[in-house]
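Below: the structure, in structure tokens.
Computed from the coordinates by the stated procedures, all read-outs in this text should not be read as laboratory data. What you see is a predicted model; the values in this text were computed from it and never measured. Cβ sites come from the backbone with ideal geometry, for glycine too, and all protein chains shown count toward neighbours.
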Amino acid sequence: MAWEMRRWASPRTFAANPGGGFISLPADALKCKECSTTYPLDARYVCERCFGPLEVAYTAPTGTADELKRRIQAGPHTLWRYADFLPLTGPARSALPTGWTPLVRADRLAERLGIRELWIKNETANPTHSFKDRVVSVALARAQELGFETVACASTGNLANAVSAHAAAAGLPSYVFIPADLEEEKILATGAYGTNVVAIRGNYDAVNRLCTELSAERPWAFVNVNVRPYYAEGSKTLAYETAEQLGWEIPDRVVAPIASGSLFTKVARGFQDFIDVGLLSGSVPTMCGAQAEGCSPVAQAFAAGTDVCRPVKPDTIAKSLAIGNPADGPYAVELAQATGGVIESVTDEEIVAGIRLLAETTGIFTETAGGVTTAVLAKLAEAGAIDPDERVVAYITGDGLKTLGTVRDTFAVTEIAPSVDEFEAAFAGAGVA
Amino acid sequence: MAITVKLPTQLRDAAGNQTEAKVEGATVGEALSSLYDQHGELRTRIADDGGGLRRFVNVYLGGEDIRFLEGLETPVNDGDELTILPAVAGG
């Protein structure tokens, strides 16, 4: 069939880009994380020998660390400033600029938690208000290089937002598959872009299974299925930016949410990349993963001392993390173990408290996934697991406007007539000291 | 009992390019053994050394992950459908 030919065709070649600062193709193969079998850089995601996941393997970038740093610093204020470390053959660009989000020093939250230095990587500042804009940027760019004309995804909401928006900006048709019970905000903020929203009667794992099957039947780039190795690379830019924004230094500890485990493992990979090329000195931070108790297969595996993540049926308000069968779960466990970190879980009540704590101390309103991250950060601090002298970075991956219902009824609204007397009656003494 | 096993694209070259196979067995494990008897290479691709499944192989019976059932011991009935899929998608 024609689409099969297109799908497996060799990557399109691009003319040189003299003004773009693009030096060379650093990616040289897809490589199985289990058995190291290599494959060409096409649309595939699973090793045919052992079914292990494929990831992008790179040749060493050309140039010295100083030259690399200068090239990065001369790049755009988007994730494409790190194009030397991303798996594209042509000029790196996208219609919806993404990344270079604020790294916010959170002194009030740090003080509350007894931490010396705490930074929040504020991913709500991305175009569709979550880190998913990063992975979609890379996936769409690569998908277009591979000749795909339609994009799709299995999503818990944030990815649906990002795929539909980036596809709209690029002029590509798109299909997003979501669990039918997703938060209304995420569905509305997806459909507005003119995508095809397909709501599945089932949980995310059922959506994912369907998309895995459909990816073999349709000539589409399912960003987190058949082009997943490229997609996942986008999360490395979270680490690159953090290091650059810290003045080319590595934090001591990172706290990040875990759904599939892809972001968590790729953040560590990002720090390791910069260490390997001499842009950073030191070692990968202590990696701490955050899950919701109602969907904590990775935290349970970590607690049991095994990398076997038994799948669960999710039951949590943190729907963006509700993956019961996490693809990168085993690697997330191994990473936490190897770096002296931990994978913790928190209850739905703690998640809501985490959302409020972050909002009240930093001015950043996050969705449930950020509540999970903040609550785990607080839990670790309260347990004395964080050395007071550590520099900690927490990744806040999505915007609170996407899960508004979770904070409903957690605060009071004072309703009065437009009368000074009524105001005085309600707020007697307030602010008149 | 006659069971249908649906094969993912990644395994079809080891099964004569078929999209599915008809096998026999009273459990998921027996059905998979029957599959391996027909297509020997599939055993090395999806089974581990202990006879279990490799960690990135998912098997579904009628759409349900067998790990929520009784794993390889899950009984199967005549006409049931097993689906083998890679576990590494999503997220």
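Identify, among B:THR4, B:ALA15, B:GLY25, the residue whose Cα sits farthest towards the positive end of the charge dipole of segment B:2-86, taking +1 on the Cβ of Lys and Arg and -1 on the Cβ of Asp and Glu, with the dipole about the Cα centre.
Ranked along the dipole, the leading option is B:ALA15.
Is segment B:2-86 best put as rounded, prolate or oblate by its Cα gyration tensor, with a ≥ b ≥ c the root eigenvalues, rounded for a/c under 1.5, and otherwise prolate when a/b is larger than b/c, oblate when not?
Details: a/c = 1.41, a/b = 1.18, b/c = 1.20.
It is rounded, given that a/c, with a ≥ b ≥ c, falls under 1.5.
What is the Cα coordinate range of segment A:161-301 on the first, second and third principal axes, sorted by size from largest, in whole angstrom?
Result for segment A:161-301: principal-axis Cα extents of 46, 38, 30 Å.
Kindly express, to the nearest 10 degrees and within the range 0 to 90, the angle between helix A:236-245's C-alpha long axis and the longest C-alpha principal axis of chain A.
That works out to roughly 60 degrees.
If amide H atoms are built 1.01 Å from N in the plane of the peptide, which residues on other chains or at least 5 residues away come under 5 Å of the amide H of A:TRP100?
Long-range HN contacts for A:TRP100: A:LEU79.
Count the DSSP beta bridges whose two residues both fall in chain A, then state the antiparallel fraction as a percent rounded to the nearest 5.
Roughly 30 percent of the DSSP beta bridges within chain A come out antiparallel.
Compute the relative contact order of chain A as a whole-number percentage, counting only Cα pairs closer than 8 Å that sit 6 or more residues apart in sequence.
Working: 923 pairs, mean separation 66.4, N = 433.
Contact order relative to length: 15 percent.
Nearest 500 deg cm²/dmol is fine: what mean residue ellipticity at 222 nm does chain A get from its DSSP H runs of n ≥ 4 alone, each adding -39,500 (n - 2.57), divided by its residue count?
Taken over chain A, the calculation gives -10500 deg cm²/dmol.
For segment A:107-160, which GluC sites (Glu not before Pro) are both in a DSSP coil and crowded by at most 15 other Cβ atoms within 10 Å?
A:GLU149
Between segment B:37-84 and segment A:87-142, what is the C-alpha centre distance in whole Å?
First find each Cα centre; the distance between them is then 40 Å.
Which whole-Hz ³J(HN,Hα) couplings does segment A:26-35 yield from phi under the Karplus relation 6.51 cos²θ - 1.76 cosθ + 1.60, θ = phi - 60°, glycine and proline marked x?
Once θ is set to phi - 60°, the couplings for segment A:26-35 become x, 6, 10, 5, 9, 10, 6, 6, 8, 10 Hz.
Looking at the square roots a ≥ b ≥ c of the eigenvalues of the Cα gyration tensor of segment A:84-185, which shape do they give, rounded for a/c under 1.5, prolate if a/b is larger than b/c, or oblate?
Since a/c reaches 1.5 but b/c is at least a/b, the shape of segment A:84-185 is classed as oblate.
Count, for each residue of B:51-59, the Cβ atoms from other chains sitting within 10 Å of its Cβ, then give me the mean as a whole number. Provide the component values of the computation, followed by the final result.
Numbers: counts 0, 0, 1, 5, 9, 11, 4, 7, 0.
The shielding value for this peptide is 4.
Provide the per-residue ³J(HN,Hα) series for segment A:163-175, in order, calculated from phi with Karplus coefficients 6.51, -1.76, 1.60 and θ = phi - 60°, each as a whole number of Hz, with x at glycine and proline positions.
Per-residue couplings from phi come out as 4, 5, 5, 5, 5, 4, 5, 8, x, 9, x, 9, 10 Hz.
Based only on the alpha carbon positions, what is the Kirkwood hydrodynamic radius of segment A:25-152, in angstrom?
17.1
Bin width 10 Å, origin at 0, all Cα-Cα pairs of segment A:354-433: what percent of pairs per bin?
Answer for segment A:354-433: a P(r) of 16, 32, 23, 21, 7, 1 percent.
Ignore the peptide's own chain and count Cβ atoms of other chains within 10 Å of each Cβ in A:49-55; give me the average, rounded.
6
I want the local charge near A:ALA332. Using Cβ-Cβ distances under 13 Å, sum +1 for each Lys or Arg and -1 for each Asp or Glu among the other residues. Numbers along the way, then the final one.
Values: positive: A:LYS33, A:LYS266, A:ARG269; negative: A:ASP307, A:ASP328, A:GLU334, A:GLU344.
Combined, the nearby Lys, Arg, Asp and Glu give -1.
Provide the per-residue ³J(HN,Hα) series for segment A:178-190, in order, calculated from phi with Karplus coefficients 6.51, -1.76, 1.60 and θ = phi - 60°, each as a whole number of Hz, with x at glycine and proline positions.
With the stated coefficients, segment A:178-190 comes to 9, x, 5, 8, 5, 4, 4, 4, 6, 5, 5, 6, 9 Hz.
Cα atoms only, the protein assembly as shown: Rg and Dmax in Å?
23.8, 87
Treat the count of other C-beta atoms within 10 Å as a stand-in for reagent exposure and order A:HIS166, B:HIS39, A:HIS77, A:HIS129 from fewest to most.
By the 10 Å Cβ count, ascending: A:HIS77, B:HIS39, A:HIS129, A:HIS166.
Can you pull out the trypsin sites (Lys or Arg not before Pro) in segment A:149-227 that DSSP calls coil and that have at most 13 other Cβ atoms within 10 Å?
Sites meeting the loop and neighbour criteria: A:ARG201.
If one puts a single equal scatterer on every Cα of segment A:236-328 and applies the Debye formula without solvent, what log₁₀ I(q)/I(0) results at q = 0.11, 0.17 Å⁻¹?
Evaluating at q = 0.11, 0.17 Å⁻¹ gives log10 I(q)/I(0) of -0.36, -0.73.
Would you mind checking the tilt of helix A:204-214 against the longest principal axis of the Cα atoms of chain A, expressed as 0 to 90 degrees and rounded to 10?
Tilt of helix A:204-214: around 20 degrees.
What chymotrypsin sites (Phe, Trp or Tyr not before Pro) does segment A:206-314 have in DSSP loop regions with at most 15 other beta carbons within 10 Å?
Details: sites: A:TRP220, A:PHE222, A:TYR230, A:TYR231, A:TYR240, A:TRP248, A:PHE264, A:PHE271, A:PHE274, A:PHE302; in loops: A:TRP220, A:TRP248.
Filter output for segment A:206-314: A:TRP248.
So for each of A:406-415, B:16-25, A:279-288 I average, over its residues, the number of other beta carbons within 10 Å; can you give me the resulting order with the highest mean first? Please list the in-between numbers first.
Working: A:406-415: 9.6, B:16-25: 15.1, A:279-288: 19.0.
Packing proxy ranking, top to bottom: A:279-288, B:16-25, A:406-415.
Give me the inter-chain shielding for A:198-208: mean count of other chain Cβ atoms within 10 Å, whole number please.
Counting other chains' Cβ atoms within 10 Å and averaging over A:198-208 gives 2.
Given the pairs A:LYS31/B:LYS6; A:LYS33/A:LYS379; A:LYS132/B:LYS6, which are separated by over 28 angstrom at their Cα positions?
From the list (A:LYS31/B:LYS6; A:LYS33/A:LYS379; A:LYS132/B:LYS6), the Cα-Cα distance tops 28 Å for A:LYS33/A:LYS379; A:LYS132/B:LYS6.
Dipole of segment B:2-86, Cα-centred, from +1 at each Lys and Arg C-beta and -1 at each Asp and Glu C-beta, to the nearest 20 debye?
Here segment B:2-86 has a charge dipole of around 360 debye.
Give, as a single signed number, the net charge of other residues whose beta carbon lies under 12 Å from the beta carbon of A:SER345, with Lys and Arg counted +1 and Asp and Glu -1. Display every interim value, and only then the final one.
Values: positive: A:LYS379; negative: A:GLU293, A:GLU344, A:ASP348, A:GLU350.
So the surrounding residues net to -3.
Within a Cβ distance under 9 Å of A:ARG269, other residues only, what is the Lys/Arg minus Asp/Glu net charge?
Once all neighbours under 9 Å are counted, the net charge is -1.
Give the order of B:ASP49, B:ASP13 when sorted by the count of other beta carbons within 10 angstrom, beginning with the fewest. If you can, show how the numbers build up before the last one.
Working: B:ASP49 7, B:ASP13 12.
Exposure proxy ranking, most exposed first: B:ASP49, B:ASP13.
In whole angstrom, note down how far apart the Cα centers of segment A:389-433 and segment A:343-387 are.
Comparing the Cα centres of segment A:389-433 and segment A:343-387, I get a distance of 18 Å.
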